[in-house]
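To keep things clear, I will list the structure first and then write my remarks on it.
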Amino acid sequence: MTCSPTACRRRGRRRLAVRATTGLILALGGSGVGARTDGPGVFALSAAEAAAQEASQPAAAEKPDRGDDDDVSATDKAAAEAMFAKGRALLKAERFEAAADKLAESMRLDPQTGTQINLALAYEKIGRWASAWINYREVVTKAERDGQAKRARYAAARVATLEPKLARLVIDVPEPVKGLRVTRRDETVGSAQWGTAIPVDPGTWRLRAEADGYRPWRRQIDVPDAPETTTVVIPALEADPSPEPPFPASDRRDGSQLLPPRLVGVAEEGADDDDPGGAQRTAGFVVGGIGLASLVAGAVTGGVAIERDAASKAFCATDDPNRCFEEGVSIRDEALRFAHASTATLAIGGALVATGLVVVLTADDGGNDASERADRGRGGRPLSYRVTPWFDPRARGRGGGGGGGLHMEVTF
């Protein structure tokens, strides 16, 4: 007796042809739902007996797997049918892991009871006892709801067979911190599950606990293929130093955003009687040194720009260097980006060098007498300087990337 994949999936008419070399005997005319052991710890199911019982019911008497398919698109339904047919074929070929993947995707696209009972069978064949057990339990509930008594009895028998084989995992959290989030294989474990033995498949499980302001905790555990309970205790998380608060946005009229100042200094008269201008000169040398480094970087990037521009000409017309192939255009654009970077770096470097010179040359060399310094201290202002990098995302040139620079204020 045969049927289409759609009819089998929705009405439960499944006839799984398992090869005789495995020692499985399929009795299509059998009554009842049976199972036998095929090797230690693995159950070889006579699924055809359940299929024969379902197929023996008249089509008109069968109830649908779900009452409402309106929320599933026609494309998803078609894909689900294809995945179901492929999954059944893989089951027959005893490629159970591949079958489980196809059937799980079919369930995701268009959940049907017929698909789920095949998925449970595939999980059982690869030793994923908890996954098979929970899917059989759901089949029992749906079959009883839809009046499919024989299917419900078959799934209930599988639930009873698998339950003694289940491994369980307990995640204990004796000292939870505020906002604690626990995941098990990237799936959230709600606080209601903490301290409860949850059936899980045997194998390796990745656990993670995290909360804002705390260092995350990670652990990888192996759950044995045995009816045992594994307990994992998540310790109290260690506090993580809070990051510095973000720098407030600037209210500059041009819309650019000030980044946190990197160099800020204040040198007041009388701070060092032996060398009253020492702090100022140090600041000038620092700023000038940064400027010199920027000039060197600008010269290097300029050299790269020249080299890339020369390389692009190999892919351009000799009579018109602006008519280039696509590779030449790409290299020419790269040269332009280096050129823009060189120009900006040289400009910033030059400004910093000039600023450094001003700061150094205006430093007090100690030649002023005490009365002159006192007069300046009463009526003058202390020396202060502030260097602030800025970036404006709206300032885009041909090379793209926005614009930026350094803003320096010196008061003396």
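Please treat every number below as a calculation from the coordinates, not as lab data. Computed from a predicted structure; not experimentally measured.
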query: Could you state the number of Å between the C-alpha centres of segment 285-301 and segment 183-247?
result: 50
query: What are the residues whose amide H is under 5 Å from the amide H of Val177, where those residues sit 5 or more places off or on another chain and H is modelled from the backbone?
result: Leu237
- line: Filtered hits (lysines, Cα-Cα < 17 Å from Lys102, offset >= 8 within chain) -> Lys77, Lys86, Lys92, Lys125
statement: For Arg184, the residues 5 or more places away or on another chain with a placed amide H closer than 5 Å to its own amide H are Val189
- prompt: Using modelled amide H (1.01 Å from N, peptide plane; none on Pro or chain starts), what sits under 5 Å from the amide H of Gly203, excluding residues fewer than 5 places away?
  reply: Val223
